[in-house]
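The values are calculated or read from the model by the stated rules, or taken from the named source; none is laboratory data. Bear in mind that the values here come from a model prediction, so they are computed numbers and not experimental data. These accessible areas exclude ligands, DNA and RNA; they are computed on the full protein's heavy atoms, side chains included. Shrake-Rupley method; radii C 1.70, N 1.55, O 1.52, S 1.80 Å.
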Amino acid sequence: MTTSAAESARIEPMVRITGLHKEFGPLHILKGIDLDVAPGEVCVLLGPSGSGKSTLLRCINQLETFEAGEVWVGGERVGYEHDPLPDGRLKRLSDKEIAAQRARVGMVFQRFNLFPHMTALGNVMEAPIKVSGLSKEEVKPLAMSLLERVGMADRADHYPAELSGGQQQRVAIARAMAMKPELMLFDEPTSALDPELVGEVLSVLKDLAREGMTMIVVTHEMGFAREVADKLMFMSDGYLVEEGDPVEVLSNPQHERTKNFLSKVL
């Protein structure tokens, strides 16, 4: 992280979540999540399947709405106008305003979700052209520099079917970076990869961390958590159970749920 702990305390968080609740019908998925992420901080989110990790990311990126609570990214309230209406209710932003907010947050999924009919270069160029209205001539140098950054410039003209899983995921990261996001969300970016391909994707994440990108990473890669993360957060059953320094949490977890989980994965 580029700032000291004391400086971070004075800086407005890049992400601030308070009292976040999310329900799917009778299922209560998120049960009052409170979370701050400082600018430049790398946070790793751990927890068993069904604990709410992916749903939390999707709420931050407005792929899901939520029943209660607030999400702020870069000083902006996500999904709603800053100030309440006279009756205390919040006014929902327009689709165009929500799209503009979402463009500030890059998200990389477990499955690469590349457009199969587009080359690697075409996939990276798509959002700046469609969302920002830039021309192909304007976007191509940026897209090529991003592919270079993730080690994929020599595969720019290849289609997803011609790329390995690790290569596809690196293109997906370049695509997420194309809108110049302030925050990157990674939802188990290596879990669909063969073991020998995991390292090449984690290497890209490490480079982004060194460059000061604010990131929330859902992963079970404990080595990455120890080496790169500034903060480790453990979720279980919709609650944020424990958070702290990654080495401290992994070596000396305080909560029984965290202890049980780590005893199975370490």
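Could you tell me which of rounded, prolate or oblate describes segment 190-266, using a ≥ b ≥ c as the square roots of the eigenvalues of the alpha-carbon gyration tensor, with rounded for a/c under 1.5 and, failing that, prolate when a/b is larger than b/c and oblate otherwise?
Note, shape of segment 190-266 comes out prolate.
Roughly to the nearest percent, how much of the accessible area of the chain is carbon and sulfur, given a 1.4 Å probe?
Here carbon and sulfur together make up 50 percent of the probe-accessible area.
List the lysines whose alpha-carbon lies under 22 Å from that of residue 130, not counting same-chain residues fewer than 8 positions away?
The reachable lysines, counting only those whose Cα sits under 22 Å from residue 130, are 96, 140, 180.
In whole Å, how far is the Cα centre of segment 178-215 from that of segment 94-118?
Measuring centre to centre over Cα atoms gives 16 Å.
Would you work out if the chain is rounded, prolate or oblate? Take a ≥ b ≥ c from the square roots of the eigenvalues of the alpha-carbon gyration tensor; rounded if a/c is under 1.5, else prolate when a/b is larger than b/c, oblate otherwise.
Here the chain falls in the oblate category.
Which lysines, if any, have their Cα less than 22 Å from the Cα of residue 231, not counting same-chain residues under 8 positions apart?
Answer for residue 231, where 22 Å is the Cα cut-off: 31, 53, 206, 259, 264, listed by chain and number.
What are the DSSP H helices in the chain that stretch 24 Å or more along their long axis, judged by alpha-carbon atoms, and whose average Kyte-Doolittle hydropathy comes to at least 1.0?
none
Taking 0.36 nm per residue of separation and subtracting the Cα-Cα distance, what length does fully extending residue 203 through residue 92 add?
Gain in length upon complete extension: 36.1 nm.
Would you work out if segment 1-118 is rounded, prolate or oblate? Take a ≥ b ≥ c from the square roots of the eigenvalues of the alpha-carbon gyration tensor; rounded if a/c is under 1.5, else prolate when a/b is larger than b/c, oblate otherwise.
Rounded, because the longest to shortest axis ratio a/c is under 1.5.
Bin width 10 Å, alpha-carbon pairs only: give the P(r) of segment 125-192 as whole percents, running from 0 to the bin holding the largest distance.
Going from the shortest bin to the longest, the percentages are 20, 51, 27, 2.
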